[in-house]
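Below is one structure, written out as structure tokens; comments come after it.
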Amino acid sequence: MTTQALPILSLVETRVLGVLAEKQRTVPDSYPLTLNSLVSGCNQKTSRNPVLELSEAQVQAAIDSLKGYSLLAETSGGRAFRYEHNIDRVLRIPSQSVILLTVLMLRGPQTAGELRIACDRMHNFADISSVEGFLDELAERPAGALVAKLARLPGARESRWAHLLSGAPAEELAGAGGGSADGAYASHDASLGEVAALKANVARLEAELASLKALVGRVCSELGISEAG
């Protein structure tokens, strides 16, 4: 798969990728992950924004989709299949950049300072300038930007960064748009909650649809009839 063909990923797909990349570094003895471990990581209540309640079927649907994009690989061993990510090989970015994307996928938009702290268990960036250097490289990547700087919130000293694996972020990019500070702040708060809820609902519906399609396929196969019919 070429980097230019990278698809727009759903919230569940980025959560699965983020969990795999995180656990590779925080619990290496358990990596690659089983489906059960992956579901547990996706549904963590800490270090996750938004917090999700995904079923095995939803996570399995995301796994199948990511395998089709070559972003995830399945290995067999022991009594269960295990899964690992291919982010670095597919996107052709260094491990430090993978770690930054991991935190952005799991926790949502962050400032460079917040990213440095959140990344500490996976990589110890020397200083904020080092974080910003890798972010700038990701934003100016020749094959396509993977992160973008968001417009600074009223009263904030730093701008936050967001990943672009799911398309353009809901918030305005830095330097775009205008309007009053109060209006921008209110719409920002509303959009964050609404977008997170919508993404979770879409991901749930996509997984339910995939499960229904699989069920219909099995029923048709057992009855010896064509799905199209």
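The values are calculated or read from the model by the stated rules, or taken from the named source; none is laboratory data. Owing to the predicted nature of the structure, the values given are computational and were not obtained by experimental measurement. Note: ideal-geometry Cβ built from the backbone for every residue, glycine included; neighbour counts use all protein chains shown. Remember, those area values only see protein heavy atoms, side chains included, never the ligands or the DNA or RNA. Shrake-Rupley method; radii C 1.70, N 1.55, O 1.52, S 1.80 Å.
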Of Asp120, Asp29, ordered by accessible area with the largest first and a 1.4 Å probe, the sequence is Asp29, Asp120
Can you list residues whose amide H is under 5 Å from Leu33's amide H, if they're 5+ apart or on another chain and H is modeled 1.01 Å from N? Tyr83
With a 1.4 Å probe and all protein chains kept in place, how do Lys213, Lys67 rank by accessible area, largest first? Lys213, Lys67
Express in nm, to one decimal, how much length is gained between Asn36 and Ser130 on full extension, taking 0.36 nm for each residue of separation and deducting their alpha carbon distance. 30.3 nm
Between the alpha carbon centres of region 3-36 and region 38-69 the gap in Å comes to 9
Accessible area, probe 1.4 Å, largest first, for residues Ile117, Ile99: Ile117, Ile99
Give the relative contact order (percent, whole number) for region 105-148; include only Cα pairs under 8 Å separated by 6+ residues. 25
Summed residue charge, Cβ within 15 Å of Gly133's Cβ, Lys/Arg positive, Asp/Glu negative: -2
For a protection proxy built on the mean count of beta-carbon atoms within 10 angstrom, sort 152-162, 214-224, 43-53 highest first, please. 152-162, 43-53, 214-224
